Amino acid sequence: MENFTMLQFFEWYYPEDGSLWNHYAAEAQRLKSLGFDAVWLPPAHKGMEGGSASGYDSYDLYDLGEFDQKGSVRTKYGTKDELIAAIKAGQQAGLQVYSDIVLNHMGGADEKEVVTVREVTPENRNEFVSEPREIEAYTRFTFPGRGGKYSQFIWDHQCFSGVDYNAATQETAIYSIQNEYGDGWQDVLDLENGNFDYLMLSDIDFRNPHVREELKRWGEWYYETVGMDGFRLDAIKHMDPQFFVEWLDHLRNKYNREFYTVGEYWAPYDLPAMHEYIEATGHRISLFDAPLQANFFRASKESSSFDLRAVFEDTLVQTHPGLAVTLVENHDTQPLQSLEQTVEHWFRPLAYALILLRESGYPCVFYTDLYGSKYADKGNDGELHDVTLEKLEGLEALLHIRKNMAYGQQTDYFKTQESIGWVRAGDEEHENSGCAVVLSIGGETARAMQLGEKHAGKTFVDYMGHFDHEIVIQEDGWAELPVKGGSVSVWALKV
Ligand code: CA
């Protein structure tokens, strides 16, 4: 991968009008020319909320917007035909597609069953607070709208380890299901709440070998149907890590393809847990660098009192550079969302420079930074808020610099708490490559950096457009490169 860049091509509040697949197809050429190489598309299958479902509420994995189920043929993002056409259009433009895979849970079951459960304490799921007893659970999925096309598999309580609703009494609680394959939760790595196997809806039980076989068959069908290039795995913190080892190995071996895979193990303050997941899955799965995103959030809040020299401390990109997908925002951290942790607008160009212009990490750009967004919703405080997100000025310039100039040896000048810089020396393969990046979270300042003798006497300009004047590199290769307060400048050869 040569300075590959990923785009998360959706946000939580994207309109529920079935237009996303067509929007992507129409934008593919332009995205490629901006410097993107891959896009992460949202879950393509039908969710329990039908035409308005985000897809993180999986109902029928085989319904990609083809069957009249949950009140709609199309999904929130469009129809199956539009999805296939969009992926093809992207691939023809040179963009890879990573499909979002949601296999922790299912919701919107077609029928109830009487099942034996034990209730647990929400804060400690290992604490069983009832004797085994029967409840009515929504655990039977027959997909009448699909009528057995593509798969005859019927899901029932043998396929699930937990639910949160007893239809007989209309009570809500967390119920651990007793089935043939296990009694109690599956082991997961995360120890939050005692055991964090259960997240929501009907929790899939991977101890059932028929479930694992069905999901492998589904993976084959999905790939042969839409031809994605890789995967983004949802909610892996709540799943047995061995399941995806088996699932990915099956597909990678069967099709002899890499299927680049990044997982959502969202642990912004628990890097050791992320390392443990990486080891448990044998380095097969990259992870989003949640700790780095948390550092960006903190920097943007603490402003000039943050220590920029420590921005990469305790992050995945520092400890596992080859497996880190670096990001500034996603659909969960954006304003008013469940894991809201929004990086302030002023810091975002700096954060993007930190993920796009360095040698380590696979950067992922968030949709709203390219397109902006406007929406209203209830926040975590229960109040209704209006949000306007401006498209991020400077992002396209940073993408251009990444694609054309940010190559070669990296030398850091992490000199003061308020201002850091680094130089990319450039390389032979990219004409006129090499650049010097300067960040300041304090006032206007400048960093002396060594650009290399090949640039001696050459004229540099600020590709971020914050300075009009030019700078001539000294005969010894050094230059004093300025940056405005709370900003980033990127100095490179004037061409
Ligand atoms: Ca689970």
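Tell me yes or no: at least one residue of region 41-52 is without any contact (Cβ under 8 Å) to a residue 40 or more places away in the chain, over 24 Å from residue 201 (Cβ atoms) and not assigned by TED's automatic domain parsing to the domain that holds residue 136.
no
Let me spell it out: the conditions are (1) crowded, with 20+ Cβ neighbours inside 10 Å; (2) under 25 Å from residue 296 (Cβ atoms); (3) within 16 Å of the ligand (Cβ to nearest atom); (4) not polar (S, T, N, Q), and residue 205 meets all of them except one. Which number is the exception?
(2)
Answer yes if at least one residue in region 175-185 is within 12 Å of the ligand (Cβ to nearest atom) and part of a loop (DSSP other than H, G, I, E, B), and no otherwise.
Scanning region 175-185, I find at least one residue that is within 12 Å of the ligand (Cβ to nearest atom) and part of a loop (DSSP other than H, G, I, E, B), so the answer is yes.
Farther than 15 Å from residue 100 by Cβ, within 14 Å of the ligand (Cβ to nearest atom) and surrounded by fewer than 19 Cβ atoms within 10 Å (Cβ to Cβ), is that true of residue 192?
Details: farther than 15 Å from residue 100 by Cβ: yes; within 14 Å of the ligand (Cβ to nearest atom): yes; surrounded by fewer than 19 Cβ atoms within 10 Å (Cβ to Cβ): yes.
Taking the combined requirement at face value, the residue satisfies it.
Considering region 188-219 alone, what residues qualify as being part of a helix (DSSP H, G or I) and touching a helix residue (DSSP H, G or I) at 6+ places or on another chain (Cβ under 7 Å)? Don't jump to the end; show me each part of the working.
To start, the set of residues in region 188-219 that are part of a helix (DSSP H, G or I) comprises 209-219.
Residues satisfying the conditions are 211, 212, 215, 216, 219.
Can you work out which of the residues in region 150-190 that are aromatic (Phe, Trp, Tyr) and within 18 Å of residue 129 (Cβ to Cβ) is nearest to the chain's Cα centre (by Cα)?
So the first thing to find is which residues in region 150-190 are aromatic (Phe, Trp, Tyr), and the list is 150, 153, 155, 160, 165, 175, 181, 185.
Still in the list and also within 18 Å of residue 129 (Cβ to Cβ): 165, 175, 185.
Numbers: 165: 30, 175: 30, 185: 26 Å.
So the residue we want is 185.
Which pairs have Cβ atoms under 6 Å, sit 6 or more apart or on different chains, and link a residue in region 348-360 that is at negative phi to one that is surrounded by fewer than 24 Cβ atoms within 10 Å (Cβ to Cβ) and among the small types (Gly, Ala, Ser)?
As it stands, the answer is 349/394, since those pairs meet every condition given.
Under the condition of being among the aromatic types (Phe, Trp, Tyr) and touching an Asp or Glu at 6+ places or on another chain (Cβ under 9 Å), which residue from region 53-76 is nearest to residue 160 (Cα to Cα)?
Of region 53-76, the ones among the aromatic types (Phe, Trp, Tyr) are 56, 59, 62, 67.
Next, only the ones that are touching an Asp or Glu at 6+ places or on another chain (Cβ under 9 Å) stay: 56, 59, 67.
Details: 56: 17, 59: 14, 67: 24 Å.
Looking at residues that are among the aromatic types (Phe, Trp, Tyr) and touching an Asp or Glu at 6+ places or on another chain (Cβ under 9 Å), I get 59.
Return the residue satisfying two criteria in turn: it lies in region 225-241 and is buried (at least 19 other Cβ atoms within 10 Å of the Cβ) and of a type in the set (A, V, I, L, M), and of such residues it is nearest to the ligand (Cβ to nearest atom).
Across region 225-241, the extreme among qualifying residues is 239.
Name the residues in region 453-465 that are crowded, with 17+ Cβ neighbours inside 10 Å and without any contact (Cβ under 8 Å) to a residue 60 or more places away in the chain, would you?
We begin by selecting, within region 453-465, every residue crowded, with 17+ Cβ neighbours inside 10 Å; these are 455, 458, 460-464.
455, 458, 460, 461, 462 - these are the residues of region 453-465 that are crowded, with 17+ Cβ neighbours inside 10 Å and without any contact (Cβ under 8 Å) to a residue 60 or more places away in the chain.
Rundown of residues vs (1) in contact with a Leu (Cβ under 8 Å, 6 or more places away or on another chain); (2) modelled with pLDDT of 95 or more; (3) crowded, with 17+ Cβ neighbours inside 10 Å; (4) more than 21 Å from residue 452 (Cβ to Cβ), yes/no style:
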site	(1), (2), (3), (4)
358	no, yes, yes, no
363	yes, yes, yes, yes
376	yes, yes, no, yes
396	yes, yes, no, yes
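How many residues does region 304-333 hold that are out of contact with any strand residue (DSSP E or B) (no Cβ under 6 Å at 6 or more places or on another chain), touching a residue at least 60 places away in the same chain (Cβ under 8 Å) and surrounded by 24 or more Cβ atoms within 10 Å (Cβ to Cβ)?
0
I'd like the full set of residues that are touching a Gly at 6+ places or on another chain (Cβ under 9 Å) and under 19 Å from residue 178 (Cβ atoms), limited to region 106-123.
The answer is 117, 118, 120, 121.
Evaluate region 242-255: report whether one residue or more is within 18 Å of the chain's Cα centre (by Cα), modelled with pLDDT of 95 or more, within 16 Å of the ligand (Cβ to nearest atom) and buried (at least 18 other Cβ atoms within 10 Å of the Cβ).
Yes, that holds for at least one residue.
With in contact (Cβ under 8 Å) with a residue 60 or more places away in the chain and not basic (Lys, Arg) as the only criterion, which of 102, 129, 114 stands out?
Exactly one residue qualifies, and that residue is 102.
For region 383-405, check the following and say yes or no: at least one residue is touching a Cys at 6+ places or on another chain (Cβ under 6 Å), under 18 Å from residue 493 (Cβ atoms) and assigned to a loop (DSSP other than H, G, I, E, B).
So far as region 383-405 goes, yes, one or more of its residues are touching a Cys at 6+ places or on another chain (Cβ under 6 Å), under 18 Å from residue 493 (Cβ atoms) and assigned to a loop (DSSP other than H, G, I, E, B).
I need the full set of residues from region 163-174 which are within 13 Å of the ligand (Cβ to nearest atom) and free of Cβ contacts under 8 Å to residues at least 40 places away in the same chain, in order please. Outline the logic, then answer.
Kept after step one, since they are within 13 Å of the ligand (Cβ to nearest atom), are these residues of region 163-174: 163-164, 174.
Hit for region 163-174 is 164, nothing else.
Run down 442, 457 and say which single residue is assigned to a loop (DSSP other than H, G, I, E, B) and closer than 24 Å to residue 310 by Cα.
Working: 457 fails: closer than 24 Å to residue 310 by Cα.
After applying the criteria, what remains is 442.
The values are calculated or read from the model by the stated rules, or taken from the named source; none is laboratory data. Bear in mind the structure is a predicted one, so any value in this text is a computation, not a measurement. FYI the Cβ positions are ideal-geometry reconstructions off the backbone, even for glycines, and counts take in every protein chain you see.
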